[in-house]
Structures are given as structure tokens and as C-alpha cells.
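A.B. asks: Encoded as C-alpha cells, here's the structure I'll be asking about.
The values are calculated or read from the model by the stated rules, or taken from the named source; none is laboratory data. Here the structure is a predicted model, which means the values were calculated and not measured. As a convention, Cβ positions derive from the backbone with ideal geometry for all residues, glycine included, and neighbour counts pool all protein chains shown. In case anyone asks, the SASA skips ligands and DNA or RNA and just uses the protein heavy atoms, side chains included. Shrake-Rupley method; radii C 1.70, N 1.55, O 1.52, S 1.80 Å.
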Amino acid sequence: MLALYRHMVLTRALEDRLESLFKQGHLVGGLYRCLGQEATAVGSSYALEDGDWLAPSIRDVGALYVRGLPPIAMLRQYAAREASPCGGKDNTTHFTIPELGLLGPISPLGTQLCVLNGMALTFKQRGEPRVCMTYQGEGASRTGASHEGFVMAAALDLPIVILLEHNRWSFGTRSDRAAAVEDWSHTAEAYGLPVRSVDGNDVLEVYEAAREAVDRARTGGGPGVIVAETYRMLGHAQHDPQKYVAPEELEEWRTRDPIRRFERVLVDEGWLSESGCEEIRTSVDAELAEAVDQVLAEPHPEPQTARTRVFADPEEDPEVPWTRVSPIGYADLNLTESRGSQAGLHGGGR
Amino acid sequence: MSEDPPATITYDGLRETTYLEAIRDAMREEMLRDDTVFILGEDVGAYGGAFKITEGFLAEFGPERVIDTPISEAAIVGAAIGAAHMGMRPIAEMQFIDFIAPAFDMIVNFAAKSRYRTGIGAGIVIRGPCGGGSRSGPFHSQNVESFFANVPGLKMVAPATASDAKGLLTAAIRDPDPVLYFEHKFLYRRVKEMLPVGEEIVVPLGAARTHRPGTDLTIVTYGAMVWKSAEAADLVSLEDGREIEVIDLRSIRPLDIDTIVESVRRTGRLLIVHEAPKFGGFAGEITAQVCEQAFEWLDAPIRRVTAIDTPVPYAPTLEDYYLPQTEDIVAAARWLLAY
Ligand SMILES: Cc1ncc(C[n+]2csc(CCOP(=O)(O)OP(=O)(O)O)c2C)c(N)n1
């Protein structure tokens with residue numbers, strides 16, 4: 001219970017930090033937040049075990065912490081530091097960390113489901129009791145890739161759990177404009193998959209549903225879908241002031257804030273006192289303050305590292321069968337013997 | 001991109017128009033002129049487009065002509081093709097041109113081959129923001145023209161100036177065949193020009209433009225690299241007194257090879273600059289065609305300045321290294337001039 005709470009608090013506190021860093025110009029590119037959706041990611045991923053794999057969307061940062069990602073990694077990632085999980089080559093949650101069972105998504109929506117299917121297929125082929133879990137916005141579920149992923153998961157009866165995050169908005173378009181269904185669980189039914197709709201802002205309900213689906217998948221019962229009813233409390237990204245959202249609607253969802261709600265449960269059921277909650281928030285804040293200072297002192301990646309890691313490095317990996325030709329497909333320009341360079345010019349060398 | 005919108009300056013029937021506004025004006029004017037023109041894409045209606053290009057369109061033209069679609073690029077392009085077959089002139093917006101990938105099949109197998117196979121064309125425009133420099137990482141920064149270069153049946157344009165942004169889009173909308181329109185997001189609000197208010201501009205597809213005349217070296221380029229090439233040319237002129245001709249292709253397919261060859265025959269030296277990676281890029285094709293048509297006129301090898309052959313990295317230090325910079329162009333130009 002307390003771990004669930006701490007992870008949700010951490011998710012939000014880190015994003016508050018990111019927001020101030022963004023405003024101070026310390027971050028690179030856009031900032032995507034999950035305010036109001038912390039319970040969905042944290043509750044569901046909590047049902048996984050070591051050895052399982054998870055593919056988040058950009059809004060499921062809480063799930064990454066549950067899997068063991070140190071929060072400093074997200075700071076480094078958004079600040080494009082050398083030590084970030086992507087080494088500065090990609091942003092947001094786009095990293096793959098096998099030790100934590102994390103598959104990084106790519107921006108083109110709906111794609112990670114297809115790849116995760118392959119992981120689930122491997123588990124099944126090897127007879128390993130392991131499970132995959134992935135997240136999709138309702139908008140992402142409209143893509144061809146997502147559709148094919150659902151069909152494949154169902155057809156091959158794979159051990160995979162899909163969280164459909166119905167947060168009411170896809171970028172600046174209401175989700176009811178993107179489909180003719182109002183109840184998004186119909187989507188899963190259309191694929192012949194078992195589905196359960198939950199209050200995505202109730203971390204315990206999300207956890208229970210995920211537990212059920214994960215257990216079923218682990219014991220050979222095939223894929224399952226959970227539709228989490230929730231709300232995107234901020235714009236698509238930091239640059240979007242969300243002018244298209246009715247203030248009353250936001251206000252209404254604010255009363256269903258997942259963290260406040262869970263605090264009430266914790267206090268009412270005697271897990272924590274008000275001051276106990278406060279203590280957790282303060283300790284998370286202190287941890288993050290330190291991490292922020294550390295990250296800001298860290299360097300950006302060296303420019304030349306842009307060239308690395310397009311392919312496996314034959315120097316590091318003797319298994320690579322070719323070593324004689326340049327993997328980029330042409331020789332790096334060597335102009336030293338040419339007439340132009342004998343005039344004393346280096347020629348740019350690109 | 002978070003710059004403030006520029007204050008609008010109007011003078012004598014001319015209005016200071018950004019590259020972005022030029023795109024908006026072209027669509028709006030064509031929609032007013034021809035009621036078969038309509039727009040479909042993600043967030044183009046109620047939200048006004050991810051970059052606010054179609055802001056106000058929903059109110060002006062209504063939901064039948066400004067259509068918010070599900071996130072489904074294949075279906076967007078497919079629907080555009082079908083509508084074009086019925087005599088409509090659809091403009092399909094890709095929110096970022098990178099997301100043209102899910103529509104690849106529709107474009108290369110349906111749209112591009114339609115006229116050849118059946119005699120019925122697919123007069124659609126697929127447009128979207130391309131290019132790097134805005135710290136957006138591998139999936140919001142790509143230049144995709146070479147993905148489509150080996151597919152006969154597609155036209156492709158990549159404007160550098162506001163008037164070309166308007167004129168090429170107008171021509172693309174009126175074109176009876178599929179046109180991919182690559183608008184460089186780095187130029188959206190940075191490039192401005194005084195353009196006549198409400199006056200139509202049509203730039204024929206397949207016609208290059210001399211951005212800067214010169215006698216000593218030809219740079220062939222397009223899109224955002226026109227500006228870096230021009231900057232390099234000015235610097236070389238100032239410091240070395242050598243004059244570089246900068247040719248802005250505008251259309252990359254059809255390719256205006258005549259203009260390139262004519263210039264190279266005059267200058268005897270050719271540098272090709274593009275923002276896409278080198279291997280398989282347009283520079284290779286242009287090099288081959290110039291070798292076929294102007295080899296005897298060349299006084300130096302042909303050189304290429306392009307992005308490096310990696311995905312587009314996110315961190316500023318890496319992205320700056322990845323992208324061709326003005327100093328890379330200057331160095332290559334000087335090398336060629338000294339040859
Ligand atoms: C194939 C593809 N098309 C377009 C986009 C641009 N895009 C990024 S996020 C987004 C909206 C996503 O909405 P949803 O899946 O509902 O997730 P939410 O943002 O609500 O969490 C869009 C259209 C994309 N990433 N991929």
C-alpha cells in the first residue's frame with residue numbers, strides 16, 4: 001500500500017520538478033505529463049513480477065518507477081544528458097532496459113503492442129511463465145499497427161495484458177470524435193478478448209484488475225484488456241494550454257484526483273496518518289532536489305557520439321560477421337591525397 | 001516551436017507573411033476558390049492543427065471540409081485517394097511527416113500506381129512538417145523524401161521561402177497526381193516575406209529557382225538548407241571574393257535537371273547540400289545525372305554535404321553535429337574552389 005502511494009507521489013513530484021526545469025529552460029524539446037493518470041500506470045504495473053516485460057506510453061512514467069527505474073533517469077532523459085538511458089539520442093520514455101523488463105516505445109503510436117507480442121510469443125514458445133504488459137491511449141488504439149497487434153495477440157493467444165487508457169483526449173481532439181463507440185471496452189470485445197473496465201483513478205481497483213489479467217495470462221489464459229477510465233488533466237504537452245477543455249470538466253475530474261483519493265483510503269483504513277503522508281511527500285521531494293542538482297551539473301553527450309551505435313561495433317562484438325566494409329555504406333571522406341586538400345584545406349570531411 | 005507570433009506588418013497591399021501563414025493562405029484561398037478542396041487529418045479541426053496551420057478553418061469551412069480523423073494515417077491517405085477518384089481535391093495532413101510511415105502502403109502501392117495501372121489518377125496532396133533543428137528526436141525530425149524517391153508516380157516538393165510555400169502548395173492542390181509536400185518546421189515562423197494579400201501565387205512543379213546567382217561554384221539544395229547554403233555563399237563572397245550560385249530546387253521530383261546542368265556548365269563545380277542522410281539521398285541521384293550530362297564541364301569532383309548516416313538524435317550537442325552546418329558548407333565550398 002505504502003509503495004503504491006510512494007510511487008504515485010514520486011510520479012507527480014518528479015513532473016512538478018520537470019515543469020519548473022522546463023520553464024527555466026533546462027529541458028530539451030517538449031515535456032509530456034501524466035497529471036491525473038498516476039494511478040493507472042502505478043496500479044497496473046504493480047501486478048507484474050521480475051522477468052515480466054512492460055512497454056509504457058509516454059504517460060506511464062509511474063510504471064517505470066515501479067519496475068525499478070531510478071527517478072534520476074527521467075531527469076537525465078528530459079535534460080538530454082550523456083548519462084541518460086538513451087545517451088541523448090532519444091527522449092521521454094523511449095528507452096529499453098532489459099534488466100528492468102522495459103521496452104521503450106517509439107513515437108508512431110500503436111507500434112509497441114506489435115513488438116511486445118513478439119516477446120510474449122517467445123515466452124510462450126519457451127514455456128516460460130512470463131507476461132507482457134503495455135499501455136495505449138484510446139487514440140493510439142485507432143492506428144493500423146495497434147489493430148494488427150490486437151488481432152495477433154488474440155489469434156496467437158499470447159500472454160499479454162493491454163491497458164487502454166481512456167483519458168478523454170487525444171492531443172486536441174476529444175476521443176469520442178475518434179471512434180463511434182462510447183464504451184471503449186467494445187474495442188476489446190471486437191477482438192474476442194476478455195476485458196474489464198475500471199476506474200483508472202482508483203489505484204487499488206486498477207491493481208486488482210491487472211492482477212487478475214496478469215495471473216490469467218501467466219497461467220496460459222491468453223491476452224486480456226483493461227480499460228482505465230481516467231482524465232488527462234493537462235494539455236497534450238507543456239506547449240498546449242488546453243484551451244479546448246471546459247473548466248467545469250477539469251474541475252469535476254480534479255475532485256477524483258487519484259493521489260488525494262488514495263490518501264483518504266490510507267488514512268481511513270489506518271495505513272498512514274495525515275502526517276505520515278506528509279512525511280513521504282517530503283522525503284520524495286528531498287530525494288528529487290538532490291537528483292535535480294546532480295543532473296544539472298552533468299554534461300551533455302559529446303557531439304561525435306552521434307555517430308556511434310547505428311550498428312553493432314565489430315570491435316566490441318566479435319560475432320559481427322563483416323568487418324571490412326564501412327557499415328554506413330561508403331568510406332568516410334579521406335581527402336588528404338586529393339588535389340583540393342593539397343591546397344591546404346580540410347574540406348569539411350562530412 | 002514556442003516563439004511568439006510575429007506582429008503583422010502590412011504595406012501597400014503587401015503583408016509580411018511567414019512560411020506557415022503562406023501554407024495556411026494557400027489552402028484557404030484554394031478552399032474558397034474550389035469547393036472540392038478539403039482537409040483531413042489529426043487535430044486539424046477543433047484544435048486547428050498541431051502547429052496551428054488550420055486555425056479558424058473549422059469555423060470558416062465547417063466539419064465537412066475540415067475533418068478531424070482518428071489517428072490512422074493509412075486510412076487518412078486511403079480516404080484521400082478515394083475522394084480524389086470521385087473528383088475531390090483532398091489535402092491530407094500528417095501531423096509530423098515522420099508519421100507518413102504507417103501510410104506508406106497507401107502511397108507507394110495505391111496512390112503512386114493508380115494512374116499507370118488504371119488510367120485514373122489520385123490527385124491528392126499529402127503535407128506535413130519535416131526536418132530537424134527543433135530538438136524533437138528521431139521521430140519528429142526526419143526528412144523522408146528519399147523513402148519515396150524510387151517510387152515512380154509521386155511528385156515531391158520542399159519549399160524554402162514563403163512565396164514558394166504558397167505557390168507550390170497551390171500548384172500541388174491543382175495537380176492531378178499525388179504530391180508529397182514537405183514543409184520544414186524550422187522555417188515555419190523564422191522565414192517571412194512581403195506577399196500580396198489575397199493574391200494567388202502558383203509556382204509550377206518541377207521548376208528550380210536561382211536563389212543567389214554566382215559564377216565560381218554551384219550549390220544545389222532545397223528546403224531549410226537553402227538558407228544555410230546562402231549564408232555560406234555570402235561568407236565565401238565576403239572573405240574570399242568568390243561567387244557561389246545557389247540553386248533552390250523547390251521541387252525534388254520532378255527534378256529540374258536542366259537548370260542544374262546549365263549552371264554547372266557555367267561554374268564547373270558542384271556541391272549538393274541536403275538535410276537528409278547521405279546514403280541513398282537525392283544528392284546521389286543529382287550527382288549521377290550531372291555526370292551523365294556535364295562531366296566534361298566539371299573542374300572538380302562533385303561533393304555532398306548532408307546529415308550523417310544515423311537517426312536524428314535528440315540532444316542539442318548531437319543534433320547540431322548530425323545536421324549539416326554553415327561551416328561544413330563553407331569548408332566543402334572552399335575545398336572545391338581551391339581544387
Ligand atoms: C502514428 C502516429 N500518428 C500521429 C502521432 C502524433 N501524436 C502523438 S500523441 C497523439 C495523441 C495520442 O492520443 P492517445 O493515444 O489518446 O494518448 P494520450 O495522449 O491521450 O495519452 C498524436 C496524434 C503519433 N505519435 N503517431
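A.B. asks: Taking 25 Å as R0, compute the FRET efficiency from the Cβ-Cβ separation of residue A:176 and residue B:118 and round it to 0.05.
C.D. replies: For residue A:176 and residue B:118, the calculated efficiency is 0.10.
A.B. asks: Now for a separate question. By accessible area of protein heavy atoms, probe 1.4 Å, what ranking do A:233, A:152 get, highest first?
C.D. replies: From most exposed to least exposed: A:152, A:233.
A.B. asks: What accessible area, summed over both chains, is buried at the A-B interface (1.4 Å probe, Å², nearest 100)? Mind showing how you got there, number by number?
C.D. replies: Numbers: alone 17380 and 14100 Å², together 27530 Å².
Summed over both sides, the interface buries about 4000 Å².
A.B. asks: Keeping every protein chain present and rolling a 1.4 Å probe, give me the accessible area per residue for chain B in Å².
C.D. replies: Dividing the accessible area of chain B by its residue count gives 36 Å².
A.B. asks: What number results when the radius of gyration of the range B:142-211, computed over Cα atoms, is divided by 2.2 N^0.38 Å?
C.D. replies: Numbers: Rg = 12.7 Å, N = 70, 2.2 N^0.38 = 11.1 Å.
My calculation over the Cα atoms of the range B:142-211 gives 1.15.
A.B. asks: How big is D for the range A:202-337, in µm² s⁻¹ as a whole number, if Stokes-Einstein is applied with the Kirkwood radius of its Cα pairs at 25 °C and 0.890 mPa s?
C.D. replies: It comes out at roughly 111 µm²/s.
A.B. asks: What value, in deg cm²/dmol to 500, does the helix sum -39500 (n - 2.57) over DSSP H runs of n ≥ 4 give at 222 nm once divided by the residues of chain B?
C.D. replies: Values: 10 runs with 113 residues, N = 339.
Mean residue ellipticity, 222 nm, calculated: -10000 deg cm²/dmol.
A.B. asks: So what's the range B:14-196 giving for Rg/Rh, alpha carbon basis, Kirkwood Rh from the mean inverse pair distance? Please list the in-between numbers first.
C.D. replies: Details: Rg = 15.1 Å, Rh = 16.1 Å.
My calculation of the ratio gives 0.94.
A.B. asks: Charges on Cβ only, +1 for Lys and Arg, -1 for Asp and Glu, centred on the Cα centroid of chain B; of B:129, B:264, B:108, which one is farthest towards the dipole's positive end?
C.D. replies: Checked the options; the winner is B:108.
A.B. asks: Can you give the charge dipole size of chain A about its Cα centre, rounded to the nearest 20 debye, using +1 on the beta carbon of Lys and Arg and -1 on the beta carbon of Asp and Glu?
C.D. replies: 1020
A.B. asks: Using only the Cα atoms of chain A, what are the Rg and Dmax in Å?
C.D. replies: Spelled out, the Cα radius of gyration and Dmax of chain A are 22.7, 83 Å.
A.B. asks: Return the tail of the calculated pair distribution for the protein assembly as shown, meaning the percent of Cα-Cα pairs more than 40 Å apart.
C.D. replies: On the way: 85424 of 237016 pairs.
So the portion of pairs separated by more than 40 Å is 36 percent.
A.B. asks: Across the residues of B:70-82, average count of Cβ atoms on other protein chains within 10 Å?
C.D. replies: Across the residues of B:70-82, the mean count of other-chain Cβ atoms within 10 Å is 4.
A.B. asks: How large is the translational diffusion coefficient of the range B:209-338 in µm² per second when you combine the Kirkwood radius over alpha carbon pairs with Stokes-Einstein at 20 °C and 1.002 mPa s? Present the calculation step by step, with values, prior to reporting the outcome.
C.D. replies: Numbers: Rh = 14.5 Å.
Approximately 147 µm²/s, per Stokes-Einstein.
A.B. asks: Turning to a different aspect of this structure: Name the residue from B:330, B:293, B:276 whose Cα lies farthest towards the positive end of the charge dipole of the range B:247-339, charges +1 on Cβ of Lys and Arg and -1 on Cβ of Asp and Glu.
C.D. replies: B:293
A.B. asks: Starting from the amide H of residue B:220, placed 1.01 Å from N in the peptide plane, find each other amide H under 5 Å away whose residue is 5 or more places distant or on another chain.
C.D. replies: Correct list: B:247, B:271, B:272, B:273.
A.B. asks: Given a Förster distance of 25 Å, report the FRET efficiency between residue A:319 and residue A:106 from their Cβ-Cβ distance, rounded to the nearest 0.05.
C.D. replies: 0.45
A.B. asks: For residue A:23, which lysines qualify as cross-link partners when the Cα separation must be under 23 Å and same-chain residues fewer than eight apart are set aside?
C.D. replies: A:89, A:243, B:52, B:185
A.B. asks: For the range B:170-268, what is the convex hull volume of its Cα atoms per residue in Å³?
C.D. replies: It comes to 113 Å³ per residue, whole-number rounded.
A.B. asks: Taking the Cα centre as origin and putting +1 on Lys and Arg beta-carbons and -1 on Asp and Glu beta-carbons, what dipole magnitude results for the protein assembly as shown, to the nearest 20 debye?
C.D. replies: The dipole of the protein assembly as shown has a size of about 1380 debye.
A.B. asks: Moving to a separate point now. Can you figure out the FRET efficiency of residue A:97 with residue A:328, using R₀ = 30 Å and their beta-carbon distance, to the nearest 0.05? Don't skip to the answer; put the middle values down first.
C.D. replies: On the way: r = 27 Å, r/R0 = 0.90.
So, using R0 = 30 Å, E works out to roughly 0.65.
A.B. asks: Which angle between 0 and 90 degrees, to the nearest 10, do you get for helix B:73-85 versus the longest principal axis of chain B when only C-alpha atoms count?
C.D. replies: The angle comes out near 80 degrees.
A.B. asks: Hey, another quick one. Per residue of B:93-100, count partner chain C-beta atoms within 10 Å of its C-beta, then hand back the mean as an integer.
C.D. replies: 1
A.B. asks: Tilt of helix A:144-156 relative to the longest C-alpha principal axis of chain A, in degrees (0 to 90, nearest 10)?
C.D. replies: Helix A:144-156 sits at roughly 70 degrees to that axis.
A.B. asks: For residue A:170, which sequence-distant residues (separation of 5 or more, or a different chain) have an amide H within less than 5 Å of its own amide H, given hydrogens modelled in the peptide plane?
C.D. replies: Correct list: A:175.
A.B. asks: Further question: Express the relative contact order of chain B as a whole percentage, based on alpha carbon pairs under 8 Å and six or more residues apart in sequence. The partial results should precede the final answer.
C.D. replies: Details: 732 pairs, mean separation 55.0, N = 339.
Contact order relative to length: 16 percent.
A.B. asks: Roughly what would the spin-label model give for residue B:297 and residue B:279, points 7 Å off Cα along C-beta, in nm?
C.D. replies: With each label point 7 Å from Cα toward Cβ, the separation is 3.3 nm.
A.B. asks: Here is a follow-up. Given a 1.4 Å probe and every protein chain left where it sits, what share in percent of the accessible area of the protein assembly as shown is carbon and sulfur?
C.D. replies: 53
A.B. asks: In percent, what relative contact order does the range A:195-319 have, based on Cα pairs under 8 Å that are 6 or more apart in sequence?
C.D. replies: The normalised contact order for the range A:195-319 reaches 19 percent.
A.B. asks: From Cα pairs below 8 angstrom and at least 6 apart in sequence, can you work out the relative contact order of the range A:2-305, rounded to a whole percent?
C.D. replies: Once normalised by length, the contact order is 24 percent.
A.B. asks: Within 10 Å of each Cβ of A:308-317, how many other protein chain Cβ atoms are there on average?
C.D. replies: Shielding by partners across A:308-317 averages 1.
A.B. asks: Can you order the peptides B:276-282, A:141-147, A:259-265 by their average number of other Cβ atoms within 10 Å per residue, highest first?
C.D. replies: A:141-147, B:276-282, A:259-265
A.B. asks: Starting from the Cα of residue A:250, step 7 Å along the direction of its Cβ; do the same at residue A:2; then give the gap between the two resulting points in nm.
C.D. replies: 3.6
A.B. asks: Heavy-atom accessible area per residue, chain A, 1.4 Å probe: how many Å²?
C.D. replies: 44
A.B. asks: Further question on the same structure: Summing -39500 (n - 2.57) over the DSSP H runs of n ≥ 4 in chain A and dividing by its residue number, what mean residue ellipticity at 222 nm do you reach, to the nearest 500 deg cm²/dmol?
C.D. replies: -12500 deg cm²/dmol
A.B. asks: Separate question: Tell me the volume per residue, in Å³, of the convex hull enclosing the alpha carbons of chain B.
C.D. replies: Values: hull volume 45.8 nm³, N = 339.
Residue-normalised Cα hull volume stands at 135 Å³.
A.B. asks: At a 10 angstrom cut-off on C-beta neighbours, averaged per residue, how do the peptides A:302-312, B:47-57, B:154-164, A:127-137 rank from highest to lowest?
C.D. replies: B:154-164, A:127-137, B:47-57, A:302-312
A.B. asks: Using θ = phi - 60° and the Karplus relation 6.51 cos²θ - 1.76 cosθ + 1.60, list the HN-Hα couplings for the range A:272-278 in order, rounded to whole Hz, with x at every Gly or Pro.
C.D. replies: After applying 6.51 cos²θ - 1.76 cosθ + 1.60, I find 8, 8, 3, 6, x, 4, 4 Hz.
A.B. asks: Distance in nm between label sites at residue A:302 and residue B:64, each 7 Å beyond Cα in the beta-carbon direction?
C.D. replies: In this crude label model, residue A:302 to residue B:64 measures out at 6.3 nm.
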